[in-house]
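Participant: Take this structure, written in structure tokens, and hold onto it; I'll ask about it next.
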Amino acid sequence: MTAVEGDALLDVRGLTKTFPAPQGLVDRWRGKPRKVVRALTDVDLTVRRGETLGIVGESGCGKSTLARCLVRLYPADRGSVRYAGEDVLSLGGDELRRYHRRVQMIFQDPFSSLNPRMTVGQVLREVLTVHRLRPREGMDARVTELLSLVGLPAEAAGRLPHEFSGGQRQRIGIARALALEPECIVADELVSALDVSVQAQVVNLLLELQEKLGLTVLFVAHDLRLVRHLSHRVAVMYLGRVVEVAPTNVLFERPAHPYTRALLAAAPHLDPAHRVDAPALSGELPSPLDVPSGCPFRTRCPHAFDRCVTERPELLDVGAGQQVACHLFDPAASAGGR
């Protein structure tokens, strides 16, 4: 998709999040300090108004943690998140409630996020009631309107979540998010639990809703094909850090970071004659309990050199709206080339 030019709606700087690791009885008895899982480390990211930003990376790279920090489901350790210029991490009370109206999250498993004892109509009416979005006499009409928006019939309001297929339940999750009339949707692995044939339907629905309602979308996924179809720009994450950001066509045609190249090389391709020169990923993803010094990708990178061991690369602009965190692109590096 063509990149969207616009103001920054969501601006993230230095966002860091750790979790305490489980500690055994012996370690506690010996007084050993508890280790921490470094889920996010100094994440910088900008989401423009009206665009879809795809977030990709291997499992365990911090994509879902980032999504949950942005909607305040997880408290950040440090850093800043600004939405339309407002400091999100300092919000509380009614201000936080208003932020949650403006930024809504759709989860991977809609069944676990829907009350199994409530009908779809009751689920949607609860949202409208709690946030006082409609008078009582206008509730039923709004529920019907929301169901129509996501392609479900009005009679679906009287049924329980278990009576629907996985794709239909995901549509209900989208309808519940839209009930708050948000400006921004954070979709965390929206279709990864669905059959391939249903995935396309849900993704196309999201595209239609974005155009119709003017939504900004943060699309977290591991399927590169979906991200390419849906996103204006893509951010690539590795071990809790953003290592590359670029317009979608630039990233897929001219990936800069060695990790991005390897990720694209490892993706399945429909054309049996398709060949890639870049090597696929080798080795295991390091543990977030023990992140390598310097560049976190150096233990798997075929181009690593001495500076990669001691110094962490920062995101650098390399032209065409592309940013990459790699010493190979730093003029100060002792080795050049891509």
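Derivation of every value follows stated rules applied to the coordinates shown; laboratory data play no part. For clarity, every value in this text was computed on a predicted model and none was experimentally measured. FYI the Cβ positions are ideal-geometry reconstructions off the backbone, even for glycines, and counts take in every protein chain you see.
Participant: Tilt of helix 166-178 relative to the longest C-alpha principal axis of the chain, in degrees (0 to 90, nearest 10)?
Facilitator: 80
Participant: How high is the FRET efficiency between residue 145 and residue 112 when r is their beta carbon distance and R₀ equals 25 Å, given to the nearest 0.05?
Facilitator: 0.45
Participant: While we're looking at this one, here's another question. Just subtract the alpha-carbon distance of residue 165 and residue 131 from 0.36 nm times their residue separation and send over the number in nm, one decimal.
Facilitator: Extra length available between residue 165 and residue 131 comes to 9.4 nm.
Participant: May I pose another question? What's the angle, to the nearest 10 degrees (0 to 90), between helix 139-149's Cα axis and the longest principal axis of the chain?
Facilitator: The helix 139-149 is inclined about 50 degrees to the chain.
Participant: How far, in nm, would the chain grow between residue 282 and residue 200 when pulled straight, counting 0.36 nm per residue and subtracting the alpha carbon separation?
Facilitator: The residue 282-residue 200 span can extend by a further 26.5 nm.
Participant: Convex hull over the Cα atoms of the stretch 145-202, averaged projected area in nm²?
Facilitator: For the stretch 145-202, the mean projected area of the Cα convex hull comes to 4.3 nm².
Participant: Can you give me the distance in nm between label points at residue 311 and residue 249, each placed 7 Å from the Cα along the Cα-to-Cβ direction?
Facilitator: 3.5
Participant: A further question follows. On C-alpha positions alone, give me the angle between the axis of helix 196-213 and the longest principal axis of the chain, in degrees, nearest 10.
Facilitator: Taking Cα atoms only, the helix is inclined about 80 degrees.
Participant: Let me ask you something else. Okay, helix-only estimate at 222 nm for the chain: each DSSP H run of n ≥ 4 adds -39500 (n - 2.57), divide by all residues, round to 500 deg cm²/dmol; what do you get?
Facilitator: Per the formula, -9000 deg cm²/dmol.
Participant: Oh, and also: Among the lysines, which have Cα under 20 Å from the Cα of residue 35 when same-chain residues fewer than 8 positions away are ignored?
Facilitator: 17
Participant: OK, next. Would you mind computing Rg(Cα) / (2.2 N^0.38 Å) for the stretch 104-174, counting N as its residues?
Facilitator: My calculation over the Cα atoms of the stretch 104-174 gives 1.03.
Participant: Please flag any cysteine in the chain that has no other cysteine's Cβ under 4.7 angstrom from its own Cβ.
Facilitator: Result for the chain is 61, 69, 184, 301, 326, no neighbouring Cys Cβ within the cutoff.
Participant: Hey, of (1) 61, 54, 34; (2) 64, 42, 38; (3) 70, 59, 37, which did the structure itself give for Cα extents along the principal axes in Å when calculated?
Facilitator: So the calculated entry is the one marked (3).
Participant: Same structure, new question: Looking at the P(r) of the stretch 1-122, how many percent of alpha-carbon pairs lie beyond 26 Å?
Facilitator: When all Cα pairs of the stretch 1-122 are counted, 37 percent exceed 26 Å.
Participant: Let's test the formula: R0 of 35 Å, r as the Cβ-Cβ distance of residue 35 and residue 90. What FRET efficiency results, to the nearest 0.05?
Facilitator: 0.75
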